[in-house]
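Quick note: the coordinates plus some simple rules give every number you see, no bench work behind them. Nothing here was measured: the structure is a model prediction, and the numbers come from that model. Note that each Cβ is placed from the backbone with ideal geometry, even for glycine, and that neighbours are counted across all protein chains shown.
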Amino acid sequence: MTRRKLVSSGVAAFSGVAGLTVAGRLAKQYGLVPPDGGGIYGPGHRLTYGVQKLLTGNALAREFPRSAISDRPFANGRPPKDENYLRMKEAGFVDWRLKVDGMVERPSSFSVAELKSFVPRTQITHLACEEGWSFIAEWMGVPLSAVLERVGVRRGAKYVMYFSIQPEWWDSVDIDEAVHPQTLVTYGMNGGELPVGHGGPVRMRVPRQLGYKSVKFVNRLTVTDSVKGFGKGMGSVAAEYGYSWYNGI
Ligand SMILES: Nc1nc2c(c(=O)[nH]1)N[C@H]1C(S)=C(S)[C@@H](COP(=O)(O)O)O[C@H]1N2
Ligand SMILES: [Mo]
């Protein structure tokens with residue numbers, strides 16, 4: 001089946017409940033089922049994920065000129081309060097480590113300085129919260145793909161999970177999104193260090209999806225072929241609260 005044909009059948013599937021079943025079958029056949037594809041909202045999630053992936057493919061999120069950078073970026077939520085975090089912050093995060101484990105050849109752990117020794121990438125992109133506010137900032141970091149290349153992803157891996165020092169925040173992306181050139185393990189913002197309010201010392205930036213995919217204070221990545229073993233098996237905490245696991249914009 002050609003991509004075009006698949007897209008048109010996906011679009012045809014918009015035409016009602018029976019269409020959702022067709023979309024579901026197509027999605028399964030082409031491996032386009034998101035981890036939250038079960039339950040009452042499952043058919044809708046599958047349709048969004050399947051059709052949007054087929055339509056946008058590897059498209060880039062829009063990047064902006066420096067003049068578009070927002071004067072007052074809004075920092076969502078509160079930084080971690082636990083002692084461990086505060087102690088590391090006090091010491092300039094020299095003890096911060098980003099652990100990488102799971103289906104990798106060389107399980108590793110990177111300090112912020114080590115992350116900075118990769119070839120840096122900067123991007124000026126829009127961060128949009130599902131609550132309706134947004135801002136544009138310049139983000140600096142290392143493409144997640146470069147980190148994955150360094151550790152060696154094993155055959156059969158399908159997702160990269162990422163965890164925050166805030167235990168209530170973790171999420172995951174599929175391998176396509178993980179190796180997308182704009183998916184950034186981010187340590188800098190607007191020309192300086194990544195401020196604590198915005199997830200310092202290390203956060204994910206997934207500019208092709210809504211803000212909540214850009215988890216802050218990230219200290220562990222796990223490469224896996226299934227998200228089933230994590231929490232309720234829906235791929236993210238957000239999905240457990242009813243937000244879509246995939247939220248491409
Ligand atoms: N660890 C952690 N990550 C998080 C959050 C948070 O509260 N804690 N908020 C999320 C939400 S809902 C959004 S919209 C963005 C906001 O990023 P910002 O604080 O840089 O504006 O971070 C996301 N990542
Ligand atoms: Mo958000």
Note on segment 66-240: contact order normalised by length, alpha-carbon pairs under 8 Å, 6 or more apart, percent, works out to 25 percent
Dividing the mean separation of Cα pairs under 8 Å (6+ apart) by the residue count of segment 86-163 yields a relative contact order in percent of 27 percent
Summing -39500 (n - 2.57) over every DSSP H run of at least 4 in the chain, dividing by its residue total and rounding to the nearest 500, the 222 nm mean residue ellipticity is -7500 deg cm²/dmol
The answer for the net charge of residues other than A238 whose Cβ lies under 13 angstrom from its Cβ, with Lys and Arg +1 and Asp and Glu -1, is -4
Most fluctuating of L115, L127, L54 in the GNM of the chain (C-alpha, under 10 Å) is L54
Per GNM of the chain with C-alpha springs under 10 angstrom, the most fluctuating residue out of K228, K158, K216 is K228
The answer for the net charge of residues other than V104 whose Cβ lies under 10 angstrom from its Cβ, with Lys and Arg +1 and Asp and Glu -1, is +1
Filtering the chain for DSSP H helices with an axial alpha carbon extent of at least 20 Å and a Kyte-Doolittle mean of at least -1.0 returns 42-56
Two pseudo-spin positions, 7 Å from Cα along C-beta at D176 and at E149, lie apart in nanometres by 2.1 nm
Dimensionless Rg/Rh of segment 72-175, both radii on Cα and Rh by Kirkwood, sits at 0.97
Of the listed links K89/K213; K99/K228; K53/K99; K116/K216; K89/K158; K53/K216, those spanning more than 27 angstrom between alpha carbons are K53/K99; K89/K158
Stretched fully, the stretch from L60 through S226 gains (0.36 nm per residue minus C-alpha distance, one decimal, in nm) 57.2 nm
Debye calc, one equal point scatterer per Cα of the chain, no solvent, log10 I(q)/I(0) at q = 0.13, 0.17 1/Å comes to -0.82, -1.34
With R₀ set to 35 angstrom, the calculated FRET efficiency between the beta-carbons of F118 and I249, to the nearest 0.05, is 0.85
